[in-house]
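See structure below.
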Amino acid sequence: MVKTAEALGYEKEAQRALALTRDFLGTHEAGSAGPTLPARRRGMPYDPMRLARFERLAEALRERPPVPMPVTPGSQNELPFFESYFSNYIEGTEFGVDEARAIVQTRQIPAARPACTRRFRFLVHARG
């Protein structure tokens, strides 16, 4: 790379590219401009833009803490259902809420999707 660049008259650019490559590999320090490359070399990479977003989120949450929902008799009856529903959803299993509710209420696991209902099975047996 360096010889080709020098042959084309880009000696200065070739030396800078070589220095940056060595800096990236951690064999030499070229004085990289930002904090991300040294952090990556230490095995602790991070995204400064994402970090700034998390800091803004944390500040917003500090300014407006969540308000607890009042617990009244019967107000938490569907909590296990929605915990199971969203747990399945996070794992990539998508059911409509009505379809998932039918699985629990009828205690019938769909024959076409038995593996997809792992968490709903608990609710089916718990209601037993």
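The values are calculated or read from the model by the stated rules, or taken from the named source; none is laboratory data. Every value quoted in this text rests on a predicted model; they were computed, and no experiment measured them. Neighbour counts run over all protein chains shown; Cβ positions are idealised from the backbone, glycine included.
A few remarks follow.
- Across region 1-35, the qualifying residues are those that are at pLDDT 80 or above and polar (S, T, N, Q), and the one among them that is surrounded by the fewest Cβ atoms within 10 Å (Cβ to Cβ) is Thr4.
- Long-range neighbours under 6 Å by Cβ, at least six apart or interchain, first residue under 15 Å from Gln105 (Cα atoms) within region 73-94, second of a type outside the set (A, V, I, L, M, F, W, C) and modelled with pLDDT under 75: Ser84/Arg119
- Yes/no for Arg50 being assigned to a helix (DSSP H, G or I), basic (Lys, Arg), surrounded by 10 or more Cβ atoms within 10 Å (Cβ to Cβ) and within 27 Å of the chain's Cα centre (by Cα): no
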